[in-house]
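These notes are about the structure you will find just below.
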Amino acid sequence: MTRLSPRRHVPVWGRQGRAGEERGAEWVLGFLASLSLVALGLIFVFLLREALPFFNLYAVGAFLTGREWQPVSTNPRFGLVPLATGSLLVTVGAAVIAVPVGVGVALFLSEVAPRRLREMLKPGLELLAAIPSVVYGFFGLVVLSRWLQAAFGLNSGLNALNGSILLAVMSLPTIVTLSEDALRAVPDTYRAASLAMGASRLETIFHVTLPAARSGIVAAVMLGLGRVIGETMAVLMVTGNAAQVSFSWLDSVRTMTATVAAEMAECPWGSTHYHALFAVGAVLFAVTFLINAAADALLRKGVR
Amino acid sequence: MIRSRGRRAGGNGGVASRRGGRAGSALRVVTFVGLVSVVLLGVGLAGCAPKHETLVIRGSDTMVNLSAAWAEAFMKANRSVDVSVQGGGSSTGFKALIEGTADLANASRPIKDSEAKAIRDKGKEPVAHVVAYDAVTIIVNPSNTVQHLDMTQLAAILTGQVTNWKDVGGPDRAITVYSRESSSGTYAFVKEHVMGNKDYSASARLMPSTESILQAVAQDQTGIGYIGLGYLTSAVKAIAIAEKPGGTPILPSAEAVGNRTYPVARPLFIYSAGQPSAVAKKFIDFCLSKEGQRITGEMGFVPVPGR
């Protein structure tokens, strides 16, 4: 009985109120979280609803394997191949540049740089993410294209490489920040053990820390590339947008995103062209979704 | 006048409160009466202020600078009218006209049958007003020795049949075609007017703006592109065009377009859905006035002959 008495002094309504408050807050937060899922679902449904009619008007095979994109021709052709290779070329190029640089910078920040330097560098890098993509595009159109033209002796610097370089820079904040988090999550005992075994710092970084953070880094790279493949404005401005099937980074290419952005305003609502652009959008959505899902799966693996 | 309206509103409110009868709600009624008088006073004030009309114009990117210059001069002369001008392409303008989000559509091409039908479906007849002429200037890099082309050669270059400058009397050098995006009225005009509706070469670069075509051709020795006459700069070189092989090549100019000797020229339109409203008609009349057509010339377009 005496043990129970202090509890009587706790105002019952207060405890209940707090529990109720908590449940209320949980409910509100849960609702907000599910809103984003609902939005995603609605976008997906809308995309499919506008994309599917395309395949009643145009053969799926001709869409997926067609090598010509001539949407406003008297004989319109909606071939995905030049757009898909364009996106692929630009994305792979960006990855080739961004992955070594991004992971290198992350290694430097987490393993090498003194704390004060890191605290200066990291916000600077994150600021790259705040620059609007149209500014990157303008830089690519006016400055980078001249450099590329001179460096490779080209007729025009508006090509896939230009887009790749810009996108690599744009994806760096994501890749560096997340890779660095992954590296710092590696317990210090690993490093200490490695050093105690007589390994040098360099050996420790490349044979112990980096492998331990591998799945987190791969996820960081994939999220960075997810941004790259969906980026529109900068590539629209600097890749030249020639809808040709090419596997050279020095050629002009046309990405899926640039196609949708450039042509959506003009095409009559409900036309084959309109639905074709939604079909391209659905393909993009699927690719981005797969990349993000893969990144997520790898992150989970890393956590476990 | 303002005050008298305000007082009358208050009086009406008073009557209502007496009819309301319940003493307990007196305060609420007084608040209500106060609010009503304030609202009516506001309406009275607005009614006495000069009427503010708006005119929304959308469409052709080619015409957006010209249209903005007209709008600016028009608003100076008519302070009570707000004119807003937006680009986006001729198709965007027609789309806005069909949806009713614009009063007038700028167009660098005639209306398509499908667009005209969409307006008729809303019970209105599209009305075209020719307000200026445009000439597409064919531009190359200043280092290019080619001075003139005929329409057949131009079409062959744009469709990708001819891919080296030496085939049209120039140096042995590849050709890089710079075109506008397919949403541009100029893209459609060149396709119809020059290329006989054949497709652009797959390797043609589709640039998002006239400025980016200028930028690209100025940088590229192999480049050829097209721009509106008003956008020619010294960074690029204009090419003289002959109507037929062996014909006299004509450089684009206001005179050459006005006397119809320059082959790559076209009328520019303002479209309205049905007869234009009073303010829209006033604006179109202004565009065609002496002052308006002077602006047309200043902006590098060609005035409508006989005005």
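The values are calculated or read from the model by the stated rules, or taken from the named source; none is laboratory data. The structure presented is a predicted model; accordingly, all values stated were derived computationally and were not measured. Heads up, the Cβs are rebuilt from the backbone with ideal geometry, glycines too, and the neighbour counts pull from every protein chain shown.
Scan segment A:9-22 and give yes if some residue there is basic (K, R) and within 14 Å of chain B (Cβ to nearest Cβ), otherwise no. Reasoning before the result, please.
Of segment A:9-22, the ones basic (K, R) are A:15, A:18.
Now narrow it down to the ones that are within 14 Å of chain B (Cβ to nearest Cβ): none.
No: zero hits.
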Pick from segment A:102-116, criterion of a type in the set (A, V, I, L, M, F, W, C) and crowded, with 16+ Cβ neighbours inside 10 Å, ranking: farthest from A:H273 (Cα to Cα): A:A113
Can you name the condition, by its number, that A:I229 falls short on among (1) surrounded by fewer than 23 Cβ atoms within 10 Å (Cβ to Cβ); (2) within 14 Å of chain B (Cβ to nearest Cβ); (3) of a type in the set (A, V, I, L, M)? (2)
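Please tell me if B:Q153 is in contact (Cβ under 8 Å) with a residue 24 or more places away in the chain and more than 12 Å from chain A (Cβ to nearest Cβ).
Details: in contact (Cβ under 8 Å) with a residue 24 or more places away in the chain: yes; more than 12 Å from chain A (Cβ to nearest Cβ): yes.
Yes: the conditions hold for B:Q153.
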Please specify each residue of segment A:231-255 satisfying the condition of being within 16 Å of B:S209 (Cα to Cα) and either of a type in the set (A, V, I, L, M, F, W, C) or outside any loop (DSSP other than H, G, I, E, B) (or both). A:M233, A:A234, A:V235, A:L236, A:M237, A:V238, A:G240, A:A242
Residues that are under 29 Å from A:R49 (Cα atoms), more than 20 Å from the chain's Cα centre (by Cα) and polar (S, T, N, Q): does segment A:271-285 have at least one? yes
Among the residues in segment A:148-162, are any more than 14 Å from chain B (Cβ to nearest Cβ), assigned to a helix (DSSP H, G or I) and crowded, with 23+ Cβ neighbours inside 10 Å? yes
So which of B:Y200, B:Y187, B:Y178 ends up being within 12 Å of chain A (Cβ to nearest Cβ), free of Cβ contacts under 8 Å to residues at least 60 places away in the same chain, in a loop (DSSP other than H, G, I, E, B) and in contact with a strand residue (DSSP E or B) (Cβ under 7 Å, 6 or more places away or on another chain)? B:Y200
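Within segment B:163-180, which residues are surrounded by 14 or more Cβ atoms within 10 Å (Cβ to Cβ) and under 23 Å from B:Q215 (Cα atoms)?
Pass one, segment B:163-180, residues surrounded by 14 or more Cβ atoms within 10 Å (Cβ to Cβ): B:163-165, B:167-168, B:170, B:173, B:175-180.
Of everything in segment B:163-180, those that are surrounded by 14 or more Cβ atoms within 10 Å (Cβ to Cβ) and under 23 Å from B:Q215 (Cα atoms) turn out to be B:T163, B:N164, B:W165, B:G170, B:R173, B:I175, B:T176, B:V177, B:Y178, B:S179, B:R180.
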Given the residues B:R205, B:R180, which is the only one that is under 22 Å from the mean Cα position of the chain (by Cα) and either of a type outside the set (F, W, Y) or farther than 30 Å from A:Q149 by Cα (or both)? B:R180
Residue hits (segment A:282-304; farther than 29 Å from B:S182 by Cα and either of a type in the set (D, E, K, R) or surrounded by 18 or more Cβ atoms within 10 Å (Cβ to Cβ) (or both)) are A:I291, A:A295, A:D296, A:L298, A:L299, A:R300, A:K301, A:R304
Listed residues A:S252, A:S248; which is within 14 Å of chain B (Cβ to nearest Cβ) and touching a strand residue (DSSP E or B) at 6+ places or on another chain (Cβ under 7 Å)? A:S252
Given (1) under 29 Å from B:A188 (Cα atoms); (2) of a type in the set (S, T, N, Q); (3) within 12 Å of chain B (Cβ to nearest Cβ); (4) in contact with a helix residue (DSSP H, G or I) (Cβ under 9 Å, 6 or more places away or on another chain), identify the lone condition not met by A:S133. (3)
Single residue of A:A279, A:A258 found to be more than 12 Å from every other protein chain (Cβ to nearest Cβ) and either in a helix (DSSP H, G or I) or buried (at least 19 other Cβ atoms within 10 Å of the Cβ) (or both): A:A279
Pick from segment B:106-127 the residues that are within 27 Å of B:L158 (Cβ to Cβ) and touching a strand residue (DSSP E or B) at 6+ places or on another chain (Cβ under 9 Å): which of them is nearest to the other protein chains (Cβ to nearest Cβ)? B:E115
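Residue check: is B:R260 within 26 Å of B:H148 (Cα to Cα), crowded, with 20+ Cβ neighbours inside 10 Å and charged (D, E, K, R)? Step through it out loud before you land on a result.
Numbers: within 26 Å of B:H148 (Cα to Cα): yes; crowded, with 20+ Cβ neighbours inside 10 Å: no; charged (D, E, K, R): yes.
Answer is no for this residue.
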Candidate set from segment B:208-240 (those that are in a strand (DSSP E or B) and modelled with pLDDT of 90 or more); member that is farthest from the other protein chains (Cβ to nearest Cβ): B:A240
Cβ contacts < 6 Å: first residue more than 19 Å from B:D167 (Cβ to Cβ), restricted to segment B:239-251; second residue in a loop (DSSP other than H, G, I, E, B), any location; separation 6+ or different chain. Result? B:E243/B:P263; B:I250/B:T261; B:I250/B:Y262
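Residue-wise test of (1) within 14 Å of another protein chain (Cβ to nearest Cβ); (2) in contact with a helix residue (DSSP H, G or I) (Cβ under 6 Å, 6 or more places away or on another chain); (3) modelled with pLDDT of 95 or more; (4) not in a helix (DSSP H, G or I).
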position: A:W27; (1), (2), (3), (4): no, no, no, no
position: A:L35; (1), (2), (3), (4): no, no, no, no
position: A:G41; (1), (2), (3), (4): no, no, no, no
position: A:F44; (1), (2), (3), (4): no, no, no, no
position: A:R49; (1), (2), (3), (4): no, no, no, no
position: A:N56; (1), (2), (3), (4): no, no, no, no
position: A:R67; (1), (2), (3), (4): yes, yes, no, yes
position: A:N75; (1), (2), (3), (4): yes, no, no, yes
Among B:L154, B:L104, B:L158, which is at pLDDT 95 or above, in contact with a Ser or Thr (Cβ under 6 Å, 6 or more places away or on another chain) and either in the same structural domain as B:Y187 (by TED's automatic domain parsing) or among the hydrophobic types (A, V, I, L, M, F, W, C) (or both)? B:L104
Across segment A:94-131, what is the total count of residues that are farther than 20 Å from A:A185 by Cβ and in contact (Cβ under 8 Å) with a residue 60 or more places away in the chain? 6
Quick one: what pairs do we get from segment B:264-288, first residue assigned to a helix (DSSP H, G or I), second among the β-branched types (V, I, T), C-beta under 6 Å, 6+ apart or different chains? B:V279/B:V81; B:I284/B:I270; B:C287/B:V131
Which residue out of A:E119, A:E203, A:E180, A:E126 is away from chain B (no Cβ under 14 Å), among the acidic types (D, E) and crowded, with 18+ Cβ neighbours inside 10 Å? A:E180
Selection within segment B:76-124 - more than 26 Å from B:T210 (Cα to Cα) and in a loop (DSSP other than H, G, I, E, B): B:N78, B:R79, B:S80, B:G100, B:K122, B:G123, B:K124
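Just give me the residues in segment B:125-143 being of a type in the set (S, T, Y) and assigned to a loop (DSSP other than H, G, I, E, B), in sequence order.
Step one: list which residues in segment B:125-143 are of a type in the set (S, T, Y), which gives B:133, B:137, B:143.
Selection gives B:S143 alone.
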